[in-house]
1. Criterion first (at pLDDT 95 or above and touching a helix residue (DSSP H, G or I) at 6+ places or on another chain (Cβ under 7 Å)) does Glu33 satisfy it?
2. Taking helices (runs of 4 or more DSSP H) that fall entirely within the chain, which contain at least 1 residues that are on the phi > 0 side of the Ramachandran plot and not hydrophobic (A, V, I, L, M, F, W, C)?
Amino acid sequence: MKLTVVIPALNEELAIGSIIERMQRASARIVAESPIEDVEIIVVSDGSTDRTAEIASSYEGIRVIVFKSNRGYGAAIKKGFEEGSGQ
């Protein structure tokens, strides 16, 4: 079983790194302590004008989707889950 985690982000260059690192640590624990076999992390940069997407892309195993313009929180979540492969 695979879990997809979607992180919507708008101009979060100061926080996205720590968010991803915490999610990676949590993913290891989820896999170790539950029936989940894999955790997929998707960051949706929702029209960010800063380095959010660049920073997120620098982390191994993180999928980044970039919206050129802001489409809103709901659209970011929806797109992330459409693109994800988790159950």
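1. no
2. Counting at least 1 such residues, we get no helices (runs of 4 or more DSSP H) at all.
The values are calculated or read from the model by the stated rules, or taken from the named source; none is laboratory data. All figures in this text were calculated on a predicted structure; none of them were measured in a lab. Glycine gets a Cβ as well: all are built from the backbone with ideal geometry, and neighbour counts include every protein chain shown.
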